[in-house]
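Novice: After the structure tokens below, expect a handful of questions from me.
The values are calculated or read from the model by the stated rules, or taken from the named source; none is laboratory data. Just so you know, these numbers come straight off a predicted model, no measurement behind them. All Cβ positions, even for glycine, are placed from backbone atoms using ideal geometry, and neighbour counts span all protein chains on display.
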Amino acid sequence: MPEQQGSLVLQSPAFAPQEAIPAKYTCDGEDVSPPLEWSGAPADTKSFALIVDDPDAPIGTFNHWILFNIPASVNQLPEGVPRKDTLADGSRQGKTSWRKVGYGGPCPPSGTHRYFFKLYALDTMLNLPAGATKEEVLQAMSGHILATGELMGTYKRR
């Protein structure tokens, strides 16, 4: 494992860092995934993994999206990634706290919650099936993370 992890720049044309996530991307709107783009991946990146979670949920951290084996050639995700086990490019989606694969948007029961979009550049493809849990993905990534990036947005139901 590299001693010094690199840094990825992760951003969304839909919302600025630390700002509110538009309702379109939540349970109050269309509940589609926001567009994301990134840069700064190390040359030896083999795949990316994306985990979106809410540490402010009353039941503990709530997982909203788990996506892994994103090809190294990819540097963006379009709005509205399909909720399918395996995407056309071979990316696989894990099971969220909603007990489904694919993106499930912010839907906080009360107050303003923080949503962390965490991107990982990996030196391998993960040998996991679609529907893997966040814990399984984190365990499989251990020792393979070359760089990380994070984007945090907030949401409060109106």
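Novice: Limited to segment 99-123, what total is found for residues that are out of contact with any strand residue (DSSP E or B) (no Cβ under 6 Å at 6 or more places or on another chain) and either loosely packed, with under 15 Cβ neighbours inside 10 Å or more than 25 Å from Gln11 (Cβ to Cβ) (or both)?
Specialist: 5
Novice: Scan segment 53-97 for residues that are over 16 Å from Phe116 (Cβ atoms), assigned to a loop (DSSP other than H, G, I, E, B), among the β-branched types (Val, Ile, Thr) and at pLDDT 95 or above and jot them down.
Specialist: Residues satisfying the conditions are Val74, Val81.
Novice: Let me ask something additional. Would you please list the contacts, defined by Cβ atoms under 6 Å and residues six or more apart or on different chains, that run from a residue in segment 69-90 that is within 13 Å of Gly102 (Cβ to Cβ) to a residue that is among the basic types (Lys, Arg) and outside any loop (DSSP other than H, G, I, E, B)?
Specialist: Within 6 Å, the pairs are Thr86/Arg92.
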